[in-house]
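*Asks:* Shown below is the structure under consideration.
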């Protein structure tokens with residue numbers, strides 16, 4: 001944030017991305033990272049917040065082993081952004097500060113080591129109003145924030161790499177009056193955050209029911225024990241003795257051309273909420289819209305297919321979305337155990353191939369074949385699979401592999417005669433009133449024809465053959 005050290009979350013060697021500034025060597029001076037300020041201002045505009053005209057950086061004074069200066073450069077009285085809203089949750093402020101180093105405790109040796117690679121990395125802190133009332137709301141908000149950061153290019157926001165962390169403040173009160181606030185620090189996954197919040201709500205509720213007091217403190221989360229544990233008594237703002245950093249200039253943002261509102265707005269792309277609403281307006285399922293918002297590669301592919309189909313082709317768009325969200329996803333997602341995949345309802349990061357192995361134009365041809373009644377759904381899935389493996393043009397593949405629906409009554413009749421001749425017991429069952437026997441015969445005929453027939457027509461032809469008196 002205030003030096004030129006590399007920001008690399010994938011670095012595993014300790015203390016290599018460091019310099020005299022982030023290690024707080026005497027005589028060094030910090031320099032404000034302009035790009036970090038710009039990213040935070042864009043976030044502020046995206047959430048409808050008020051951008052500061054005047055801002056400054058303050059020293060937040062406290063001692064901790066992972067804080068080499070004995071204070072943290074942060075913002076107190078003049079944050080970059082005030083107010084705003086995200087996912088229906090009101091925001092208090094968004095400010096910019098530097099991250100601390102990483103403390104790693106070894107239980108076997110009872111020793112703690114410090115890795116300063118993270119020390120000084122730009123850290124945007126977003127604070128909400130106390131308006132989140134459930135674990136589900138907290139999870140939805142955190143996921144929406146991750147999407148927003150990714151769309152803006154402010155961060156990859158990968159929680160497992162520490163690029164995004166959640167610190168949950170929980171307060172159980174009565175009659176709409178907030179109780180004592182407890183903070184759970186450094187939660188590094190959505191599921192861990194949700195479990196920690198649920199646990200802490202139960203813990204505080206039990207304390208209050210017993211007539212005991214909740215202590216204002218900072219807690220950690222033990223994933224193994226599925227429980228919170230105390231880290232330190234929570235300080236108030238007065239304990240930090242904030243004051244403006246004398247080594248950094250205050251900023252008048254209106255005087256900096258690249259931070260002008262119009263210029264920043266012009267650089268903001270379509271936001272997740274806007275994209276989600278656009279997809280829903282097409283009539284597709286909310287689950288599919290959510291998938292395309294989370295996985296922008298799939299969203300871009302859907303957009304390309306939709307453009308080829310035309311916005312007025314609602315039937316084609318719904319059919320295309322169904323095949324993309326259920327079949328194509330299953331074909332391009334890496335499967336470590338080779339087992340069939342199901343929809344990821346927990347909205348975790350998925351691991352997809354870098355490129356979608358079929359063009360939008362060829363995908364549209366598959367949709368057209370089905371819409372025109374030339375192939376069955378099963379054949380469409382088979383063609384899609386073949387095309388993702390390099391089969392080429394879907395129409396040519398369907399023709400050369402006899403997947404187009406067979407409208408030749410003579411050919412269908414020959415197949416039906418063969419099926420009836422080889423399955424006399426099923427024929428007898430159907431004649432005796434067992435309707436399932438007819439479906440069995442239809443299935444055999446479809447298999448014989450490799451799906452290249454209309455099952456409704458086959459069912460009628462079979463029925464006429466077996467019970468001609470009804471025809």
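*Asks:* Over segment 25-179, with a single point scatterer placed on each C-alpha, what log10 of the ratio I(q)/I(0) does the Debye formula yield at q = 0.10, 0.15 1/Å?
*Replies:* So the normalised log intensities work out to -0.43, -0.93.
*Asks:* Once the Cα gyration tensor of segment 409-470 is found, what semi-axes does its equivalent ellipsoid get, as square roots of 5 times the eigenvalues, in whole Å, sorted largest first? Intermediate results must be reported in sequence, preceding the final value.
*Replies:* Working: eigenvalues 59, 28, 23 Å².
The answer is 17, 12, 11 Å, longest axis first.
*Asks:* Moving to a separate point now. Please arrange 461, 385 by counting, for each residue, the other beta carbons lying within 10 Å of its beta carbon, fewest first.
*Replies:* 385, 461
*Asks:* Which value, to two decimals, describes the C-alpha radius of gyration of segment 272-400 once divided by 2.2 N^0.38 Å?
*Replies:* In units of the globular-protein estimate, segment 272-400 measures up at 1.03.
*Asks:* With the alpha-carbon atoms as the only input, what is the per residue convex hull volume for segment 79-158 in Å³?
*Replies:* 141
*Asks:* Counting just the Cα atoms, what span does segment 280-336 cover along each of its three principal axes? Round to the nearest Å and put the largest first.
*Replies:* 40, 18, 16
*Asks:* Then there's this: Return 155, 402 ranked ascending by Cβ neighbour count within 10 Å, so the fewest neighbours appear first.
*Replies:* 402, 155
*Asks:* Bin by bin, in steps of 10 Å, what percent of the Cα pairs in the chain do you find, going until the bin that has the longest distance?
*Replies:* Here the calculated profile for the chain is 3, 15, 20, 20, 15, 10, 8, 6, 2, 0, 0.
*Asks:* Given contacts defined as C-alpha pairs under 8 Å and at least six residues apart, what's the relative contact order of segment 409-470, whole-number percent?
*Replies:* 34
*Asks:* Percent relative contact order of the chain, based on C-alpha pairs within less than 8 angstrom and at least six residues apart?
*Replies:* So the answer I get is 10 percent.
*Asks:* A follow-up question, please. Per-residue ellipticity at 222 nm for the chain, helices alone: DSSP H runs ≥ 4 residues times -39500 (n - 2.57), over residue total, nearest 500 deg cm²/dmol?
*Replies:* -12000 deg cm²/dmol
*Asks:* Return the whole-Å distance between the Cα centroid of segment 1-52 and the Cα centroid of segment 130-158.
*Replies:* So the separation of the two Cα centres works out to 21 Å.
*Asks:* Roughly what % of DSSP beta bridges within the chain run antiparallel, to the nearest 5?
*Replies:* Working: 38 of 40 bridges.
Restricted to the chain, the bridges split so that about 95 percent are antiparallel.
*Asks:* So, one more: Which order, highest average first, do 290-301, 446-457, 425-436 follow once you tally other Cβ atoms within 10 Å for each residue and take the mean per peptide?
*Replies:* In descending order of packing, they fall as 290-301, 446-457, 425-436.
*Asks:* Quick one: angle between helix 377-388 and the longest Cα principal axis of the chain, in degrees between 0 and 90, rounded to 10, please.
*Replies:* In the chain, helix 377-388 runs at an angle near 60 degrees to the longest axis.
*Asks:* Report Rg (one decimal) and Dmax (nearest whole number) for segment 67-106, counting Cα atoms only, units Å.
*Replies:* Here Rg and the maximum Cα pair distance are 14.6, 42 Å.
*Asks:* At q = 0.14 Å⁻¹, what log₁₀ I(q)/I(0) does segment 242-311 have when each alpha carbon counts as one equal point scatterer in the Debye sum?
*Replies:* -0.62
*Asks:* How do 92, 12 rank when sorted from fewest to most other Cβ atoms within 10 Å of their own Cβ?
*Replies:* The most exposed by this proxy come first: 12, 92.
*Asks:* Need the C-alpha centroid separation for segment 276-305 versus segment 308-325, integer Å.
*Replies:* 11
*Asks:* For segment 106-203, rounded, prolate or oblate, judged on the Cα gyration tensor with a ≥ b ≥ c (square roots of eigenvalues), a/c < 1.5 rounded, else prolate if a/b > b/c?
*Replies:* The shape class here is oblate.
Bear in mind that the values in this text are calculations on the coordinates, not laboratory data. This one's a predicted model, so the numbers in the text were calculated from it and none came from an experiment. We place every Cβ from the backbone using ideal geometry, glycine too, and count neighbours over all the protein chains shown.
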